[in-house]
Amino acid sequence: TIRALAAKAHRFIEEQSPLSDQIGLRQSQIEKLYAGLQDLSKERRKRLDETLELYALHREIDDLLQWIADKEVVAGSQENGQDYEHVQMLLERFQQFARDTENIGSERVANANDGCDALIANGHTDAPTIALWKDSLNEAWENLLELMDTRAQILEQSRLLHKFFHDCRDCLSRIMEKTHAI
């Protein structure tokens, strides 16, 4: 529409219409307003793209924080085993859980951190918020790793305790056998 209007204005000016000066002035005003509108449109588009990126990152971080919270439930378990075999089974399961969680979690956290860093480096207008999200994610991840380490230590101590009791019962049983044999 603007181009068609410019073509008509150009024809009137070429034909040296009595209103050529006013037509030329009005056409230049229209073109300036249109250029301003295009700039505003580009600015708005950029802001919408930034908002879309921000919400995608927020969704990813929220999902990852929920995943971490789910893993914290398992890592925070207080079950220490009822006997040596039970604690041995718990320890093996927990070691597999810890390996899987650390492998998957490390990759997911690294990807989320890369996304945060990329948006911050590109000068995203919400960079301070993104930095806070990144910090809270990394803190939650470190807390989970610490909780898993603590749980592994507790299970190992429980295993040693139950092994001691198991060995004591075995030793007592052998003593009783020898006592009966004597």
### Task
Evaluate the following for ALA98: is it under 30 Å from LYS163 (Cβ atoms), out of contact with any Leu (no Cβ under 7 Å at 6 or more places or on another chain) and touching a residue at least 24 places away in the same chain (Cβ under 8 Å)?
yes
Residue pairs within 8 Å by beta carbon, gap of at least six or interchain, first lying in the stretch 54-83 and under 28 Å from THR129 (Cβ atoms), second at pLDDT below 95 and in a loop (DSSP other than H, G, I, E, B), listed first then second, are LEU54/HIS124; LEU54/ASP126
Within the stretch 76-125, restricting to residues that are hydroxyl-bearing (Ser, Thr, Tyr), assigned to a helix (DSSP H, G or I) and open to solvent by 30 Å² or more (accessible area, probe 1.4 Å), the one that is nearest to ALA56 (Cα to Cα) is SER106
Looking across the stretch 18-43 at residues that are modelled with pLDDT under 90 and surrounded by 14 or more Cβ atoms within 10 Å (Cβ to Cβ), the single one that is farthest from HIS124 (Cα to Cα) is SER20
So ALA121, is it under 28 Å from the mean Cα position of the chain (by Cα) and either touching a residue at least 12 places away in the same chain (Cβ under 8 Å) or at positive phi (or both): no
Filter the stretch 126-182 for residues that are more than 30 Å from ASN103 (Cα to Cα) and polar (S, T, N, Q); the one that is surrounded by the most Cβ atoms within 10 Å (Cβ to Cβ) is SER173
Selection from the stretch 11-26 of residues over 18 Å from LEU37 (Cα atoms) and in contact (Cβ under 8 Å) with a residue 12 or more places away in the chain yields ILE23, GLY24
Inset, instruction - Answer yes or no: is there a residue in the stretch 62-75 that is small (Gly, Ala, Ser) and surrounded by 13 or more Cβ atoms within 10 Å (Cβ to Cβ). - result: yes
In the stretch 46-59, anything at pLDDT below 95 and among the charged types (D, E, K, R) is listed as LYS46, ARG47, ASP49, GLU50, GLU53
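Residue-by-condition table, conditions (1) farther than 21 Å from ASP135 by Cα; (2) among the aliphatic types (A, V, I, L, M); (3) under 20 Å from the mean Cα position of the chain (by Cα):
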{"position": "ARG47", "(1), (2), (3)": "yes, no, no"}
{"position": "HIS86", "(1), (2), (3)": "yes, no, no"}
{"position": "MET89", "(1), (2), (3)": "yes, yes, no"}
{"position": "GLN96", "(1), (2), (3)": "yes, no, no"}
{"position": "GLU102", "(1), (2), (3)": "no, no, yes"}
Checked GLU31, GLU53 against criteria (part of a helix (DSSP H, G or I), within 19 Å of the chain's Cα centre (by Cα) and among the acidic types (Asp, Glu)); the one match is GLU53
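The values are calculated or read from the model by the stated rules, or taken from the named source; none is laboratory data. From a predicted model like this one, the values you see are computed outputs, not experimental measurements. So basically every Cβ, Gly included, is an ideal-geometry build from the backbone, and we count neighbours across all protein chains shown. Accessible surface areas use protein heavy atoms only, side chains included; no ligands, DNA or RNA. Shrake-Rupley method; radii C 1.70, N 1.55, O 1.52, S 1.80 Å.
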